[in-house]
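Undergrad: Have a look at this one before I ask anything.
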C-alpha cells in the first residue's frame, strides 16, 4: 500500500532556482557573487531533492497541493521514485554545469552573462518541476516554462544563425506544447482526471473507444517533440548554436530528457502497460524508435562538426529510451528509466569535452582535431569514456542499460527477441562515428606546432566528475540511489513479464 | 551473463581497431559517403517541409479570412486556367497579387502567435471529434 506524505519539500526544492534567479539579477554587477548564488542554489536544491529519497524508498509518495484548477485536477506536486530519478539527475548536473559555465563564459568573455545565468536557473526550475509534477496539468505548465526559458539560451549569441536556431526551437517546441495541451484536455474529458496513476488511469480504456485512444496517444507523442523523435528532430541539431554549457545541460539532460520522461509517464502512468498492449501501441512506438535510432546514427556519421555529431547521437540515445519503454516488459521499462540518468552523465561529459576543446583551441570540426589528445589528455580521455558509454561498451554505464534493453527484448519474446540485433547495429554505428574522433585526437599527427593546453580548471573538474560517475555506475549502479529508485518505481508499477507489444 | 549480441559487438570493435591499424582510415567509407550525400539531402527535404508546415500555420493564423480567400482564388485559377484566355488569366494573377499583399508571406516561423496556437487546438479538437464519431460509427 502506497502512503501519501504531505510535505512542502518538493516546493522548496523547485523554488531554489527561482529564488536564485532573483539574486542573480540583483547581483548581476558582481560576477563572483552572482555565480556563487548559482552554485549555492544548485547545491541546496540537490540536497533537498536527495533528502526525499528515504521516504520514497519506503514506498511512499510525497505530495503537495496548491489549488484545485478543475474538479479532480489539482495544481501540485507528487514525488515518486521515477520522478526523483530525473530530479536527482537534473539537480546534480546543474551544480557541475554551473561550475563549467563559469570557466566557459569567462574564458570566452561572453556577453549578457547575467541573462544567461538567470535563464539557466529558470530552465532548471522547469526541469525539476516536470520531474516532481503529480499530474499532466502541472507537468504542462513546467514543460512550457522550460521551453520559454531556454529560448534566450539557444539564441544567446544573437548572431543571425543563433536567432534562427532560437526561432526554430521555439516554433517546434511551442507547437509541441499545443499538442500536449490538446492531449491533456482530451484525457481530462475522457477520464475526469489527469493524475499520474501507477499502471495507468483505470477508467481510460472503459470510457473511450479504441480509435480515440490511438489518436490521444498520437497527440501525446506529438506533444513530446522534446524527445526529438524523427521526423520532428531537426530543432535539436539546429539548437547546437547555443553556448556549449547550454547544449550540455539542456540538450543532453533537461530539455530532451523532459521529452522522454513525458513519454514514459504517458505509457506507464496514463495509458498503462496493459492498455498499451491491448491497443498495439507498443509496436507503433518501437517502429518510430527504431527508425530514429538507425537514421540518427547515419546522420551522425555525416557530421564533421563535433557538437552536431553529438546532437544526432543524442537523438539516437533518446530513442533507445523510447524503445525500452515501448517493449512494455519489466526489463525494457527498467532499462528505459535507468538510461535517463546514465545517458545524461555520459552525454554531458561528451558535450563538456566539446566545449573544452573549443575554449582551448577554438576548434569545432572533428577533421581539425588531429593530435589534440596529446595536448589535452584529460579532456580526450574523459571524452573516450563518454564515447565508450555511447557505444554500450564496458566499463561504462551505457553497457548496463544496453544489457537491460536486450533482456527486455528477450522477455518480450516472439519477433521482438530478434531486436537485439538492431541494438547491435546501432552500437556498431556508434563505434563508427565515435572511434574515429578518438583515433584522430590521439593517433593523428597535429598540423604545425601547437601551444595548446587544457581548458581552465573550472571546466575540467566537472568533466572528470561526470566521466568518473559514468564508470562508477558500471560497478555500482546505486550511486545517487539510482537503481534503488528505479526498482521502487518498477515495484509500484507492478508489471508482469512476458508481454508482447 | 553473455548476451546474444555481445560477442558480435566485441568482434566488430576488434575488427575496427585492426582495420585502422592496417589501413589508417576508418572502415565503411561508402556508408559515410551515402550518409553525407543522399541521406543528408533527404534530411534537408524533410526539414524543409516540416518548416513549411509550421510557416503555413503561422500564415493562416495571421488573417484566416484573407488566407481562405487567397487559397480559394488560387484553386479557382488552377481549375479555370486551361479554359480561359491569357488576358483573363493575367487578370486573375493581378487579383491574386493584390490579395497576397493583404497577407504577406513571412520568413518561415518568424513567430508563433496565439492565433496559431488556437488554430492548432481547434484542428486537433476537430480531429478528436472525427475520431470519436468514427469510433462510434465503426462500433458494432
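Undergrad: Select from segment A:425-434 the residues that are touching a residue at least 24 places away in the same chain (Cβ under 8 Å) and within 8 Å of chain B (Cβ to nearest Cβ) and write down the one among them that is nearest to residue B:8 (Cα to Cα).
TA: Step one: list which residues in segment A:425-434 are touching a residue at least 24 places away in the same chain (Cβ under 8 Å), which gives A:425-427, A:429-434.
Add one more test, that the residue is within 8 Å of chain B (Cβ to nearest Cβ), and what stays is A:427, A:431-432.
Working: A:427: 11, A:431: 13, A:432: 15 Å.
Among those residues, the one meeting the criterion is A:427.
Okay, residues lined up against (1) within 14 Å of chain B (Cβ to nearest Cβ); (2) surrounded by fewer than 18 Cβ atoms within 10 Å (Cβ to Cβ); (3) touching a helix residue (DSSP H, G or I) at 6+ places or on another chain (Cβ under 7 Å); (4) closer than 30 Å to residue A:107 by Cα:
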position	(1), (2), (3), (4)
A:333	no, no, yes, no
A:336	no, no, yes, no
A:345	no, no, yes, yes
A:362	no, yes, no, yes
A:408	yes, no, yes, no
A:413	yes, yes, no, no
A:423	yes, no, yes, no
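Undergrad: Still on this structure, I have one more. Restricting to segment A:435-450, give me the number of residues that are buried (at least 22 other Cβ atoms within 10 Å of the Cβ) and either within 22 Å of residue A:294 (Cβ to Cβ) or at the interface with another protein chain (Cβ under 8 Å from one of its Cβ atoms) (or both).
TA: Narrowing segment A:435-450 to residues buried (at least 22 other Cβ atoms within 10 Å of the Cβ): A:437, A:441.
Right, trim to either within 22 Å of residue A:294 (Cβ to Cβ) or at the interface with another protein chain (Cβ under 8 Å from one of its Cβ atoms) (or both) and you get A:437.
Looking only at that region, the number is 1.
Undergrad: Related question: Only one of (1) in a helix (DSSP H, G or I); (2) under 26 Å from residue A:483 (Cβ atoms) is not met by residue A:395, so which one is it?
TA: (1)
Undergrad: For segment A:139-254, give me every one of the helices (runs of 4 or more DSSP H) that falls completely inside it and has 1 or more residues that are modelled with pLDDT under 85. Outline the logic, then answer.
TA: Values: elements: A:160-191, A:204-207, A:210-223, A:235-238, A:244-249.
Because the criterion is at least 1 residues that are modelled with pLDDT under 85, the helices (runs of 4 or more DSSP H) in segment A:139-254 that meet it are A:160-191, A:204-207, A:244-249.
Undergrad: Which residue out of A:255, A:273 is in contact with a helix residue (DSSP H, G or I) (Cβ under 8 Å, 6 or more places away or on another chain), under 30 Å from residue A:105 (Cα atoms) and more than 14 Å from chain B (Cβ to nearest Cβ)?
TA: Details: A:273 fails: under 30 Å from residue A:105 (Cα atoms).
The conditions single out A:255.
Undergrad: Determine whether segment A:286-304 contains at least one residue that is touching a strand residue (DSSP E or B) at 6+ places or on another chain (Cβ under 7 Å) and over 20 Å from residue A:485 (Cβ atoms). Walk me through how you get there before you give the answer.
TA: Pass one, segment A:286-304, residues touching a strand residue (DSSP E or B) at 6+ places or on another chain (Cβ under 7 Å): A:304.
Now narrow it down to the ones that are over 20 Å from residue A:485 (Cβ atoms): A:304.
Yes - at least one qualifying residue is present in segment A:286-304.
Undergrad: To continue, here is another question. Which residue out of A:288, A:293 is surrounded by fewer than 22 Cβ atoms within 10 Å (Cβ to Cβ) and under 19 Å from the mean Cα position of the chain (by Cα)?
TA: A:288
Undergrad: Out of segment A:154-169, which residues are surrounded by fewer than 22 Cβ atoms within 10 Å (Cβ to Cβ) and in contact with a helix residue (DSSP H, G or I) (Cβ under 8 Å, 6 or more places away or on another chain)?
TA: Residues satisfying the conditions are A:155, A:157, A:159, A:161, A:162, A:164.
Undergrad: Here is a list: A:194, A:244, A:187. Which entry is in contact (Cβ under 8 Å) with a residue 12 or more places away in the chain, within 14 Å of chain B (Cβ to nearest Cβ), over 27 Å from residue B:48 (Cβ atoms) and crowded, with 23+ Cβ neighbours inside 10 Å? Break it down stepwise before answering.
TA: Values: A:194 fails: within 14 Å of chain B (Cβ to nearest Cβ); A:244 fails: within 14 Å of chain B (Cβ to nearest Cβ).
Just a single option satisfies the conditions, and that option is A:187.
Every residue, every condition in (1) assigned to a helix (DSSP H, G or I); (2) modelled with pLDDT under 90, yes or no:
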{"position": "A:455", "(1), (2)": "no, yes"}
{"position": "A:458", "(1), (2)": "yes, yes"}
{"position": "A:461", "(1), (2)": "yes, no"}
{"position": "A:469", "(1), (2)": "yes, no"}
{"position": "A:474", "(1), (2)": "yes, no"}
{"position": "A:485", "(1), (2)": "yes, no"}
{"position": "A:488", "(1), (2)": "yes, no"}
{"position": "A:498", "(1), (2)": "no, yes"}
{"position": "A:501", "(1), (2)": "no, yes"}
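Undergrad: I would also like to ask the following. Evaluate segment A:367-380: report whether one residue or more is part of a loop (DSSP other than H, G, I, E, B), closer than 23 Å to residue A:330 by Cα and in contact with a helix residue (DSSP H, G or I) (Cβ under 9 Å, 6 or more places away or on another chain). So that I can check it myself, show each step before the final result.
TA: First, the residues of segment A:367-380 that are part of a loop (DSSP other than H, G, I, E, B): A:369-371, A:376.
In the following step, the residues that additionally are closer than 23 Å to residue A:330 by Cα were identified as none.
Within segment A:367-380 (the criterion being part of a loop (DSSP other than H, G, I, E, B), closer than 23 Å to residue A:330 by Cα and in contact with a helix residue (DSSP H, G or I) (Cβ under 9 Å, 6 or more places away or on another chain)), the answer is no, since none of the residues qualifies.
Undergrad: Further question on the same structure: For segment A:73-81, indicate whether the set of residues that are surrounded by fewer than 19 Cβ atoms within 10 Å (Cβ to Cβ), free of Cβ contacts under 8 Å to residues at least 24 places away in the same chain and over 30 Å from residue A:164 (Cβ atoms) is non-empty.
TA: no
Undergrad: Please go through segment B:24-40 and pick out each residue that is in a helix (DSSP H, G or I) and either facing chain A (nearest Cβ under 7 Å) or over 19 Å from residue A:428 (Cα atoms) (or both). Explain how you work it out, then say what you get.
TA: Within segment B:24-40, the first condition is being in a helix (DSSP H, G or I), and the residues that meet it are B:29-40.
Scanning segment B:24-40 gives B:31, B:32, B:35, B:36, B:37, B:38, B:39, B:40.
The values are calculated or read from the model by the stated rules, or taken from the named source; none is laboratory data. Since the model is a prediction, treat every value here as computed from it, not as a measurement. Because the Cβ atoms are built from the backbone with ideal geometry, glycine has one as well, and the counts that use them run over all protein chains shown.
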